[in-house]
Amino acid sequence: MIVKKEEERSLEIVITEEEINKKVVQLGYLISQDYAQAKELVIIAVLRGSVYFAVDLSRQLTIPFTLDFIGISSYGTSSDPLGIVRITKDLDTNIAQKNVLLIEDIVDTGLTLNYLLKNLRTRNPLSLRVCTFLDMPGRRIAAVPVDYRGFEMSDMFVVGYGLDYNERYRNLKVIAVLK
Ligand code: 5GP
């Protein structure tokens, strides 16, 4: 279904708002169960793409946690990343001996996540898991662990629900492909 036309580009919905909301509830339930006995859970949202997902997901959690953010800048563009990552905003939390759940918008080549995990492991968390909204395993260059995933996707460039194209479309309530 073609829904919108902006600057000659149409958006074709591939995941609806309803499907997203349902998935976020399911993931929130699962994570709440898995961490029910865990102390000191720190949820880390990766700026900026994962913010929409992280906020929605965190509201579904029934367990205590603290929320922190890490900002990264990847060289290349969102449609053509080079895998060179720089931290632009570090955590405010000391995660040593804490249970850490890293929230990603999408794991595509895995290069960004690989960098982040290596960096976070040097800080000696008690545990470190990954929850990504979208997973594109067919595009992987770096082998990275994904503990929770919203949707597995085939190779396509998508926008919405935090994901941008030149900083646009983050606020779409759906996941869409730019036509
Ligand atoms: P990686 O390739 O390192 O796994 O992903 C790097 C970053 O590129 C992601 O965090 C995301 O910001 C961006 N990215 C990768 N695939 C897509 C996509 O299909 N759409 C958008 N908007 N960004 C993507």
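Here, each number is a calculation from the coordinates, and none is a lab measurement. This one's a predicted model, so the numbers in the text were calculated from it and none came from an experiment. Note that we place each Cβ from the backbone using ideal geometry, even for glycine, and neighbour counts take in every protein chain shown.
For the chain, the longest principal axis of the alpha carbon atoms and the long axis of helix 17-34 meet at an angle near 10°.
At 20 °C and a viscosity of 1.002 mPa s, what translational diffusion coefficient does Stokes-Einstein give for region 94-170, taking Rh as the Kirkwood radius over Cα pairs? Give it in µm²/s as a whole number. It diffuses with D of about 162 µm²/s by this estimate. Of Ala143, Ala38, Phe133, which is farthest on the positive side of the dipole of the chain, counting Cα position, with +1 on Lys and Arg Cβ, -1 on Asp and Glu Cβ, and the Cα centre as origin? So the residue furthest toward the plus end is Ala38.
Taking Rh as the Kirkwood radius computed over C-alpha pairs, what is the Stokes-Einstein D of region 12-56 at 20 °C in a medium of viscosity 1.002 mPa s, expressed in µm² per second? So the translational diffusion coefficient is about 175 µm²/s. Each DSSP beta bridge with both residues in the chain is either parallel or antiparallel, and the antiparallel ones are about 45%. Overall, the chain carries a charge dipole of about 340 debye about its Cα centre when +1 sits on the Cβ of Lys and Arg and -1 on the Cβ of Asp and Glu, all other atoms neutral. Length, then width, then depth: along the principal axes, the Cα atoms of the chain run 50, 34, 27 Å.
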